[in-house]
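*Asks:* Structure in structure tokens, see below.
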There are 2 protein chains.
Amino acid sequence: MTTLQNDTFLKALMRQPTDYTPVWMMRQAGRYLPEYRESRKTAGSFMDLCMNAQFATEVTLQPLDRYPELDAAILFSDILTVPDAMGLGLSFEAGEGPKFERTLQQEADIKQLSVPDMAKLQYVFDAVSSIRKALNGRVPLIGFSGSPWTLATYMVEGKGGTDFLNTKKMAYARPDLLHHILEVNAQTIIQYLNAQIAAGAQAVMIFDSWGGALSHNAYKEFSLNYMQKIVAGLTKTAEGKVVPSIVFTKGGALWLEAQAAIGADALGLDWTVDIGQARARVGNKVALQGNMDPAILLSTPEAIEKEVASILASYGHGHGHVFNLGHGITQWTPPENAGAMLAAVKKLSKAYHL
Amino acid sequence: MTTLQNDTFLKALMRQPTDYTPVWMMRQAGRYLPEYRESRKTAGSFMDLCMNAQFATEVTLQPLDRYPELDAAILFSDILTVPDAMGLGLSFEAGEGPKFERTLQQEADIKQLSVPDMAKLQYVFDAVSSIRKALNGRVPLIGFSGSPWTLATYMVEGKGGTDFLNTKKMAYARPDLLHHILEVNAQTIIQYLNAQIAAGAQAVMIFDSWGGALSHNAYKEFSLNYMQKIVAGLTKTAEGKVVPSIVFTKGGALWLEAQAAIGADALGLDWTVDIGQARARVGNKVALQGNMDPAILLSTPEAIEKEVASILASYGHGHGHVFNLGHGITQWTPPENAGAMLAAVKKLSKAYHL
């Protein structure tokens, strides 16, 4: 493997000294980029794209070519590859979001669920290898998965949502069934992330997009406990280097103390929490990644720089901060505004690392 | 006016001793009740219903007739009556949610916005008077309004949403324009709630349904500050009695300390926060209302009673707790499950008030 030329991101995740605050953007390879929209014109469905290592490699590298400030690349893929490999029949209808042909609501269906053969996800590992090769050591590559709870909401509801009434009904009326789904998901995700690491991922992130919909007690029981199990099962080093892990529960900032105790190296933060207060709450247990509201990228370069300054100042001096948005960049973002954010982080963050 | 026969709810809001923990349910007059669906068959659009004092009275009393355990009634209305009175042209399309004909995105439109003549909202005050008369002193009547920020999201976006990109873009690119909308909203809501109090509302609640979508700093600037202004402008006593106020930011439990300082008597809590931890954070500054996940009402009476017990135990001994859901009851709730929750609160809460 080629030598890594920029390990600022990996160092920050491990709370080691860096010269500046590294930065990347969730969903940085995406529809806000004209070059991405151009690449998509000749491709098929969204799942076709994820299954095409050449396309995944091309679009993963697009933001890096446009923005030299980026300190990490992230695999172009989707969290729903896993339930798709479990045979639930995923499709993306235009403007409608994901849909599954089959849902897990009947006891018989749930009891048949098992860890799928990782060969069904070989296309993901192929994309990781291909991207890693194309990166040629420029920046580290992040692999990822959805959390067991987040995947379960899609598997039970059969689609995206916000209130997850069927999944929560199961959580309270038949917790045994939901725990079976979550356990299968956790075991699958351990194999899935470890295979990404084996294929070349240099850090991994677990996206718990819907953990914030749970009650205080239910979050620990149905989401956090299973993420802890995954973190414990992850490959800790590859190519002689530590592979750091990031856990991100959107809407989960009330529970940072509990998150900081599950063994992950870093926590993702959405924009609802002040990052300085978050740092005070987790101490030096974990690094923090975040947390600008992506909506701010729709405003002006001046407002963006002001917000970057505010977040950097709130985190304060010292290491362990990876700058990011608090959620994926929206498709309506003017690319020059994303550039303004990245430039501001590079310019303003050096002062906090002296 | 008739003597109030059950003031448990009002006492709890003012953290005075009560014999048990009072309880009501957000959206308790609603589609989960067969008698409500029956009443709606003969009526027109949702706004027609809100404008019909006879209908509003009938459905407000339906849950009280079914569930003798309820300790409060809430005006049947909608938070969007206010922007409708401002001339934005509200309609509810079947299965689509609210839509406005006109939005506030252009500077000229925004600068023309002003406090509407309260005569345009007389139908709301008529409904309050009518319901109060029909209640005949059984339980207190709650009046309500949306928060300035929450109403602004509908006024700028023209519809409901979850990410509020246009409103947030304005917040960062043209804060002066958004502050004008929020100021007009706040002044309007003060008049609106005070007119509800004059018509007979015995407590008032401000629903900040979308404050939780804001960043830490933006929440204070664009939502909380304006709710503070409203609370300061509210009529404090009517008919010789204190009129308590409740402020509820859904998704806002990170900011309870700041909310507790704006002068409201009580704070609403959604289910993401442990109510005992919330109580420890706000001390004896405010009462707390909440906070069971409405999804639990889809499960079983046994699971519901267990969750009621857990919430009551977490709040612990002493006064100042109004039991409620953490959000409106869903239309899929079996009415007997709502009854199971109410019965459990009555049965289990006495032990905490000895």
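No lab work stands behind these numbers, since they all come straight from the coordinates. Keep in mind it's a predicted model, so treat the numbers as computed, not measured. As a convention, Cβ positions derive from the backbone with ideal geometry for all residues, glycine included, and neighbour counts pool all protein chains shown.
*Asks:* Take peptide A:173-179, look around each residue's Cβ out to 10 angstrom, count Cβ atoms belonging to other protein chains, and average those counts. Before the final figure, lay out each step's value.
*Replies:* Values: counts 7, 3, 2, 0, 0, 0, 0.
Rounded to a whole number, the mean comes out at 2.
*Asks:* Filter the GluC sites (Glu not before Pro) in the range B:77-108 to those in DSSP coil with at most 10 other Cβ atoms within 10 Å of their Cβ, and list the result.
*Replies:* Hits after loop and neighbour filter: B:E96, B:E101.
*Asks:* Mind listing P(r) for the range B:108-174? All alpha-carbon pairs, 10 Å bins, whole percents.
*Replies:* 15, 34, 26, 18, 6, 0
*Asks:* Can you compute the FRET efficiency between A:T42 and A:A309 using 1/(1 + (r/R0)^6), with r the Cβ-Cβ distance and R0 = 41 Å? Round to the nearest 0.05.
*Replies:* Working: r = 41 Å, r/R0 = 1.00.
Once rounded, the FRET efficiency stands at 0.50.
*Asks:* Given the options B:W24, B:W149, B:W271, state which has the largest fluctuation in a GNM of chain B using a 10 Å cut-off (strictly under) for Cα springs.
*Replies:* B:W271
*Asks:* Still on this structure, I have one more. So which aspartates and glutamates can B:K41 reach, going by Cα to Cα under 15 Å and dropping same-chain residues fewer than 8 places off?
*Replies:* B:E58
*Asks:* On to the next question. Anyone know which of B:G328, B:G95, B:G276 comes out most mobile in the 10 Å Cα GNM of chain B?
*Replies:* Judging by the Gaussian network model, the answer is B:G95.
*Asks:* Turning to a different aspect of this structure: Please determine, in degrees from 0 to 90 and to the nearest 10, the orientation of helix A:175-199 with respect to the longest principal axis defined by the Cα atoms of chain A, where the helix direction is its Cα long axis.
*Replies:* The angle comes out at about 50 degrees.
*Asks:* About the Cα centre, and with charges only on the beta carbon of Lys, Arg (+1) and Asp, Glu (-1), how big is the dipole of chain A? Nearest 20 debye, please.
*Replies:* Working: 31 positive and 34 negative charges, 112 e Å.
I would put it at about 540 debye.
*Asks:* Here's something else I'd like to know. Where Lys and Arg each count +1 and Asp and Glu each count -1, what net charge lies around A:A303 among other residues with Cβ under 14 Å from its Cβ? Please list the in-between numbers first.
*Replies:* On the way: positive: A:K306, B:K168, B:K169, B:R174; negative: A:D293, A:E302, A:E305, A:E307, A:E336, B:D176, B:E221.
Result for the neighbourhood of A:A303: -3.
*Asks:* Can you grab the distance from the C-alpha centre of the range B:165-192 to the C-alpha centre of the range A:72-119, Å, no decimals?
*Replies:* 42
*Asks:* Pick from A:I79, A:I206, A:I197: which residue has the top mean-square fluctuation in a GNM of chain A where Cα pairs under 10 Å get a spring?
*Replies:* In the Gaussian network model the winner is A:I79.
*Asks:* State whether the protein assembly as shown is rounded, prolate or oblate according to the following rule on the C-alpha gyration tensor (a ≥ b ≥ c being the square roots of its eigenvalues): a/c under 1.5 gives rounded; otherwise a/b larger than b/c gives prolate, and the remaining case gives oblate. If you can, show how the numbers build up before the last one.
*Replies:* Numbers: a/c = 1.87, a/b = 1.58, b/c = 1.18.
Prolate.
*Asks:* Percent antiparallel among DSSP beta bridges with both residues in the protein assembly as shown, to the nearest 5?
*Replies:* Working: 14 of 60 bridges.
Counting DSSP beta bridges with both partners in the protein assembly as shown, the antiparallel share is about 25 percent.
*Asks:* Assuming a viscosity of 0.890 mPa s and a temperature of 25 °C, what translational diffusion coefficient in µm² per second does Stokes-Einstein assign to chain A, Rh being the Kirkwood radius over Cα pairs? Walk me through the numbers on the way to the answer.
*Replies:* Working: Rh = 20.4 Å.
Result for D is 120 µm²/s.
*Asks:* Using only the Cα atoms of the range B:160-244, build the gyration tensor, take square roots of its eigenvalues as a ≥ b ≥ c, and label the shape rounded, prolate or oblate: rounded if a/c is under 1.5, else prolate if a/b is larger than b/c, else oblate. List each step's numbers first, then the result.
*Replies:* Details: a/c = 2.66, a/b = 2.33, b/c = 1.14.
Because a/c hits 1.5 or more and a/b exceeds b/c, the range B:160-244 counts as prolate.
*Asks:* What is the antiparallel percent of DSSP beta bridges lying wholly in chain A, to the nearest 5? It would help to have the intermediate numbers written out before the result.
*Replies:* Working: 7 of 30 bridges.
Around 25 percent of the beta bridges assigned by DSSP in chain A are antiparallel ones.
*Asks:* I'd like the GluC sites (Glu not before Pro) in the range A:168-272 restricted to DSSP loop residues with at most 16 other Cβ atoms within 10 Å, sorted by number. Walk me through the numbers on the way to the answer.
*Replies:* Values: sites: A:E183, A:E221, A:E239, A:E257; in loops: A:E239.
Hits after loop and neighbour filter: A:E239.
*Asks:* Please list, by residue number, every one of the trypsin sites (Lys or Arg not before Pro) in the range A:86-145 that is coil in DSSP and has at most 10 other beta-carbon atoms within 10 Å. Walk me through the intermediate numbers first.
*Replies:* Details: sites: A:K99, A:R102, A:K111, A:K120, A:R132, A:K133, A:R138; in loops: A:R102, A:R138.
Passing sites in the range A:86-145 do not exist.
*Asks:* Can you work out the Karplus-derived ³J(HN,Hα) for every residue in the range A:55-64? Use 6.51 cos²θ - 1.76 cosθ + 1.60 with θ = phi - 60°, whole Hz, and x for glycine or proline.
*Replies:* Once rounded to whole Hz, the list reads 5, 4, 5, 4, 6, 4, 7, 4, x, 5.
*Asks:* Using only the Cα atoms of the range A:89-214, build the gyration tensor, take square roots of its eigenvalues as a ≥ b ≥ c, and label the shape rounded, prolate or oblate: rounded if a/c is under 1.5, else prolate if a/b is larger than b/c, else oblate. Write out the running numbers ahead of the final one.
*Replies:* Numbers: a/c = 2.07, a/b = 1.87, b/c = 1.11.
Taking the square roots of the gyration eigenvalues as a ≥ b ≥ c, the range A:89-214 is prolate.
*Asks:* While we're here: Return one number: the angle in degrees, 0 to 90 and rounded to the nearest 10, between the long axis of the Cα atoms of helix A:335-349 and the longest principal axis of the Cα atoms of chain A.
*Replies:* 60
*Asks:* Per-residue HN-Hα couplings for the range B:288-294, Karplus 6.51 cos²θ - 1.76 cosθ + 1.60 at θ = phi - 60°, whole Hz, x for Gly and Pro?
*Replies:* Values, residue by residue: 10, 10, x, 8, 7, 4, x Hz.
*Asks:* If you build the Cα gyration tensor of the range A:240-354 and take the root of 5 times each eigenvalue, what three semi-axes come out, in whole angstrom, biggest first? Let's see the in-between values first.
*Replies:* Values: eigenvalues 113, 51, 36 Å².
In descending order, the three semi-axes are 24, 16, 13 Å.
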